[in-house]
Structure formats: C-alpha cells, structure tokens
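Below: one structure, written as structure tokens.
The values are calculated or read from the model by the stated rules, or taken from the named source; none is laboratory data. Please read all numbers here as calculations on a predicted model, not as lab measurements. So basically every Cβ, Gly included, is an ideal-geometry build from the backbone, and we count neighbours across all protein chains shown. Calculation scope for accessible area: heavy atoms of the full protein, side chains included, ligands and nucleic acids excluded. Shrake-Rupley method; radii C 1.70, N 1.55, O 1.52, S 1.80 Å.
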Amino acid sequence: MKIVVLKFGGTSVGTIEKIKNVANLISLYKKKYKVIVVTSAMSRVTNNLISKSKKISDNFSDQEYDVLVSSGEQVACSLIAGRLIHKGFKSRSWLAWQIPIITDDLHKNAKIREINKIKIIKYLKTGGIPIIAGFQGMTREGKISTIGRGGSDASAIMLAKFFKAERCVIYTDVEGVFTTDPNKFSKAKKIREISYEEMLEMASLGAKVMQPVSIQDARLNRINIEVKSSFVKKSGTLITKRTNIINNKIITGISSTQNDAKVTLVGVKDKPGVAASIFKPLSKNLVNVDMVVQNISANGKETDLTFTIKKEDLSKTKKIILENRNINFRDLIFDKEVSKISIIGVGMITTPGVTFRMFQTLANKRINIQVISTSEIKISVLIDKKNIKKALTALHKEFKLDK
Ligand code: ADP
Ligand code: ASP
Ligand code: MG
C-alpha cells in the first residue's frame with residue numbers, strides 16, 4: 001500500500017473557497033496513493049480561541065485550554081471531508097481520540113507517543129480518505145491534549161512515521177522554505193533542498209514555516225518532507241538528510257525573531273556561583289534563558305550580566321530576580337526593543353571567517369551587536385529592533401543569497 005500524508009496549514013484552509021481547492025488537490029493524489037490528510041484549523045481560529053481563554057482567566061486551566069483550542073481542527077477536517085464526499089469520494093473526519101493518537105500528559109505541549117493504526121488502515125483499504133485533525137491527541141487517561149503551536153506539522157510527520165508513508169507533503173501559503181521570510185523580504189529565494197539540521201535551526205530561530213518539533217521528529221525517523229504551496233503548482237523544498245544535498249553556499253538562510261527581551265543586571269558582585277544563583281530560579285520557573293553575556297567591570301569586583309528571554313516571560317523574570325535574596329546588584333534594566341538575527345548554514349563548518357564577515361557587514365551598516373551566541377551551524381546576534389531590515393538586507397547580499 002503506497003501511502004502519502006498531506007498536511008494543510010491554516011492559511012490553506014482559511015476560507016470555503018480554499019477548502020474546495022484543497023479537496024481538488026487531494027483528489028489528484030488519490031489516483032496513485034492511499035491518501036492520509038492532516039489539517040490545521042482555519043487561519044486565525046486558534047488565536048481567537050486562545051484570546052477567549054485569556055478573557056475567562058489569566059490562569060486558564062491547561063486541560064481546558066487543550067479541549068478549547070483543539071476544536072478548531074475539528075471544524076476544518078469535517079469541512080474537507082464534506083467537500084470530498086460532495087465530489088463523490090469516500091471520506092471521513094477523524095479526531096485524534098477516535099484513532100487514537102496517544103500523547104504524553106503534558107497539556108499544551110504534549111508529545112505524540114503512539115498512533116494506533118488499525119482503524120485507519122482498515123478505512124484506507126475500503127478506499128476511504130481519512131481527514132485527520134492535526135495538533136491534537138489523547139493522553140493515556142483519555143484526556144484531550146494538544147502538541148504546541150504550529151503542531152499539525154508534527155502530527156503529519158508522526159503519521160508518516162507510523163504509517164510508513166512513502167511521501168509526506170506539507171502544503172502551506174508560500175512555495176517552500178525560503179532563504180528568509182518571503183513575506184518580509186522580497187529578495188528571498190526558494191531553497192530547493194535543506195538539511196534537517198539547518199531547517200531545525202531556521203525554525204527555532206524564527207522561520208515559522210515549519211514547527212521545530214516536527215523537524216526533530218523527521219530527523220530522528222529519517223522522513224523526507226516536501227514543503228509546497230497549496231495555491232500555485234510549483235516544486236517546493238525538500239527537507240532531507242545532509243548527505244543527500246549538494247550545496248555550494250556557505251549560508252543557507254537567515255532567520256529573525258520579534259519576541260525576545262533583554263535583561264541586564266548592572267553591578268552584580270563578581271564571585272563564584274553568582275550566575276548560577278540567578279539562572280537556577282529562572283529555570284525552575286520554566287523561564288528559558290537564551291543568549292548570555294557577562295562583562296567584567298573596570299574595578300574587577302563587579303560585573304554586568306545580560307541575557308535574553310521571551311517577552312512573555314518578562315514580568316515573571318522581573319519578579320523572580322527582585323525576590324531573589326541571594327544576589328546583589330545596583331540596577332535592573334529591561335529592553336523589549338531588540339531582535340535576534342541569525343545566519344544558518346552547514347557550510348560554515350568548513351569555511352573560516354564567517355563570523356568575521358557577519359560582524360563586518362553589520363559594522364559597515366553601523367549596526368551595534370549587543371549579544372552573540374553561536375553553534376556549529378549558526379551565528380546569532382542581538383541588535384536594536386529598528387535595524388532588523390537593514391541587517392537582513394546586508395547579510396542576504398553579503399552571503400550571496402540574492403542569487
Ligand atoms: P501554515 O498555516 O501553512 O502552517 P504558517 O503560517 O505556519 O503556515 O507558515 C508559513 C509562513 O511562514 C509563511 O507565510 C511565511 O510568512 C513564514 N515564514 C517565515 N520564515 C520563512 C521562510 N524562511 N521560508 C518560508 N516561509 C517563512
Ligand atoms: N491550529 C494550530 C495552531 O494555530 C496548529 C497548527 O496550525 O499547526 O497553532
Ligand atoms: Mg504552521
């Protein structure tokens with residue numbers, strides 16, 4: 001049985017017309033494959049549901065959050081199934097608990113552990129097209145769970161894994177993965193092939209086109225992902241293992257984020273253990289510290305410690321630091337007007353001087369670098385938010401991504 005998994009994102013099913021278009025697309029695959037469809041909620045629906053929960057309580061229950069926000073996918077999958085039935089196909093919507101798709105019990109951010117194949121296989125054998133609600137699962141105790149924002153990408157990958165699909169196609173509103181967000185930068189170019197490692201960095205550093213967890217799942221299970229547009233018939237991007245790719249570029253892509261905030265503790269007493277005493281309570285309270293820099297001040301007795309967190313964790317972080325009796329500092333400064341811009345590419349492993357080129361390019365544009373962090377295949381810098389477009393344009397050109 002040759003199986004294809006097709007995933008449609010929120011924008012691909014955002015209107016009735018788009019859902020009709022999706023049904024046409026699905027029918028084209030039916031000739032060659034047993035088709036399993038995964039869908040997100042219609043665009044904006046999940047955001048609307050979340051904002052309702054916030055109006056009910058600023059501490060809305062995680063379990064009820066999952067029941068609430070998973071409802072968006074139920075609407076979309078029944079509309080697609082309904083349209084396919086209208087066109088004369090055998091189709092049916094499947095909610096996660098009906099299959100079931102089993103997750104762990106970490107509500108809001110659960111992980112798919114197992115997918116029971118029996119009912120779906122039986123259904124496929126009768127010629128049916130199952131339209132599965134993405135993003136949702138069921139815990140072992142029978143509670144509804146969801147698997148994190150953008151999670152229907154991960155639903156698709158896990159379905160491809162458990163059903164040993166021959167292909168897994170992610171349909172979205174852009175033609176594939178681009179060197180940088182094509183909706184923000186018109187010179188962005190479509191990438192034909194990209195490695196899991198690069199895609200994971202790009203996604204984690206702000207490229208919304210794929211959810212990071214889904215790329216980790218794909219990499220672990222060696223699932224090739226095709227990313228394509230549901231609106232135009234053009235080849236997309238293949239996400240695959242590194243050895244499958246011939247690429248002569250040093251940098252594959254550039255990502256940027258909008259949701260970082262910078263925290264600086266000025267005049268911290270410089271003694272062993274001080275950084276640990278600041279970061280331990282943060283990690284205990286699930287505040288993720290990203291970039292860190294520490295300067296020794298002139299007298300050698302005090303230091304300034306700067307780090308970045310997600311904006312949404314700002315008030316929590318402030319409270320934790322101010323209540324922490326183990327640290328002394330002179331001043332506490334918060335800055336929300338920052339952005340992290342990152343260049344990503346496996347090519348930098350074998351090419352010396354990439355860091356220098358990045359810093360020089362920014363210096364030439366008089367853009368000040370506030371914090372730096374690097375890994376084997378990426379360099380991230382924190383800059384003033386107002387410079388982000390200028391930095392992106394210069395770096396895109398410097399690393400010849402325009403071509
Ligand atoms: P879907 O609803 O299909 O899941 P998303 O909105 O989650 O779609 O992701 C698609 C969006 O990702 C695009 O509209 C684009 O603006 C954004 N995006 C950000 N970075 C990139 C990139 N490097 N390549 C392609 N798209 C990107
Ligand atoms: N509808 C969910 C969200 O908006 C899942 C997804 O789109 O993949 O996060
Ligand atoms: Mg998405």
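The table that follows gives values for the structure above.
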quantity	calculated
Which listed residue is of a type in the set (Lys, Arg), closer than 27 Å to Ser380 by Cα and within 15 Å of ligand 2 (Cβ to nearest atom), from Lys208, Lys189, Lys241, Lys184	Lys208
Cβ pairs under 9 Å, 6+ apart, first in the stretch 189-216 and under 21 Å from Gln258 (Cβ atoms) and basic (Lys, Arg), second at pLDDT 95 or above and within 16 Å of ligand 2 (Cβ to nearest atom)	Lys208/Gly150
Residues being within 8 Å of ligand 1 (Cβ to nearest atom), of a type in the set (A, V, I, L, M, F, W, C) and open to solvent by less than 30 Å² (accessible area, probe 1.4 Å) - total across the stretch 192-213	3
Out of Ala203, Ala218, Ala160, Ala165, sole residue that is out of contact with any His (no Cβ under 9 Å at 6 or more places or on another chain) and within 13 Å of ligand 3 (Cβ to nearest atom)	Ala203
Within the stretch 156-188, tally of residues that are touching a Phe, Trp or Tyr at 6+ places or on another chain (Cβ under 8 Å) and more than 9 Å from ligand 1 (Cβ to nearest atom)	2
Single condition Met348 does not satisfy, out of (1) open to solvent by 20 Å² or more (accessible area, probe 1.4 Å); (2) free of Cβ contacts under 8 Å to residues at least 40 places away in the same chain; (3) within 24 Å of the chain's Cα centre (by Cα)	(2)
Single residue of the stretch 353-391 satisfying the filter (among the polar types (S, T, N, Q) and in a loop (DSSP other than H, G, I, E, B)) that is farthest from the chain's Cα centre (by Cα)	Asn368
Residue satisfying condition, being crowded, with 18+ Cβ neighbours inside 10 Å, at pLDDT 95 or above and farther than 30 Å from Lys316 by Cβ, within set Val4, Val75, Val45, Val69	Val4
Neighbours by Cβ (under 9 Å, 6+ apart or cross-chain): first from the stretch 286-297, without any contact (Cβ under 8 Å) to a residue 40 or more places away in the chain; second assigned to a loop (DSSP other than H, G, I, E, B) and open to solvent by 40 Å² or more (accessible area, probe 1.4 Å)	Gln294/Asp270; Ile296/Asp270; Ser297/Asp270
One residue from Lys262, Lys271, Lys310, Lys316 being of a type in the set (Lys, Arg), out of contact with any Gly (no Cβ under 9 Å at 6 or more places or on another chain), closer than 23 Å to Ser373 by Cα and open to solvent by 50 Å² or more (accessible area, probe 1.4 Å)	Lys310
Residues of the stretch 214-259 satisfying the condition of being aliphatic (A, V, I, L, M) and open to solvent by 10 Å² or more (accessible area, probe 1.4 Å)	Leu220, Ile223, Val232, Leu238, Ile245, Ile246, Ile250
Segments classed as strands (runs of 3 or more DSSP E), wholly inside the stretch 1-112, with at least 3 members that are within 16 Å of ligand 1 (Cβ to nearest atom) and within 19 Å of Ala165 (Cα to Cα)	3-8, 34-39
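Residue by residue, here is whether (1) in contact with a strand residue (DSSP E or B) (Cβ under 7 Å, 6 or more places away or on another chain); (2) touching a residue at least 60 places away in the same chain (Cβ under 8 Å); (3) under 24 Å from Met1 (Cβ atoms) holds:
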{"site": "Asn47", "(1), (2), (3)": "no, no, no"}
{"site": "Asp58", "(1), (2), (3)": "no, no, no"}
{"site": "Gln63", "(1), (2), (3)": "no, yes, no"}
{"site": "Gln74", "(1), (2), (3)": "yes, no, no"}
{"site": "Lys108", "(1), (2), (3)": "yes, no, no"}
{"site": "Tyr123", "(1), (2), (3)": "yes, no, yes"}
